[in-house]
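As structure tokens, the structure follows; a few thoughts come after it.
The values are calculated or read from the model by the stated rules, or taken from the named source; none is laboratory data. Everything numeric here is computed off the predicted structure, so don't read it as measured data. When we count neighbours, we look across all protein chains shown, and the Cβ atoms used for this are built from the backbone with ideal geometry, even at glycine. For the accessible areas, the whole protein counts, side chains as well, though only heavy atoms, and no ligand, DNA or RNA atoms are used. Shrake-Rupley method; radii C 1.70, N 1.55, O 1.52, S 1.80 Å.
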Amino acid sequence: MSERIYKGYLPGQHVISAYGAGGFRFADMSHRGSILVLPSGIQAIEARDIADVTETLLKPLFDLPKGLVSFLLIGTGAKSEPVPHNLRQLMQGQGINLEAMATGHAIATYNIMMEEHRSVGALLLASA
């Protein structure tokens, strides 16, 4: 089966199988750019760094039933970056635990937590 190019939204939960060269692979597809990975699906997002992560960008997460995602991993690119205080407060107000780390580590952690059937989501920032 040949790999398809991802076009913006894929329903369902999927393992992230590869990361690099500014993109990701999942479900026999490839995508260049950042993604929001939720139990409901994977969505392309317009974010290049942690400063681009806003309440509006996270709306699909906040629209999910409470408790469906109780832990959000943020992959901040090639290296770990601190989460801005306002974003941490926003997540706390939604009852969602937040952890930021390099994107490769966030993918590995997400895949393990998903396989364990934990209520996890991930915002994965691509890096070149």
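For this structure, a couple of remarks:
- Residues within the range 41-88 that are polar (S, T, N, Q) and out of contact with any strand residue (DSSP E or B) (no Cβ under 7 Å at 6 or more places or on another chain), tallied: 3
- In the range 40-56, the qualifying residues are those that are open to solvent by less than 30 Å² (accessible area, probe 1.4 Å) and either touching a residue at least 40 places away in the same chain (Cβ under 8 Å) or not in a strand (DSSP E or B) (or both), and the one that is nearest to Leu10 (Cα to Cα) is Ile45.
- Gly33 vs. criteria on the phi > 0 side of the Ramachandran plot, in contact (Cβ under 8 Å) with a residue 24 or more places away in the chain and either in contact with a Gly (Cβ under 9 Å, 6 or more places away or on another chain) or of a type outside the set (Ser, Thr, Tyr) (or both): yes
- Condition check for Gly93: without any contact (Cβ under 8 Å) to a residue 24 or more places away in the chain and small (Gly, Ala, Ser): yes
- Among residues of the range 15-29, those that are in contact (Cβ under 8 Å) with a residue 24 or more places away in the chain, of a type outside the set (Phe, Trp, Tyr) and surrounded by 12 or more Cβ atoms within 10 Å (Cβ to Cβ), counted: 6
- Reported count of residues in the range 70-98, each being of a type in the set (Asp, Glu) and exposed (fewer than 13 other Cβ atoms within 10 Å of the Cβ), is 0.
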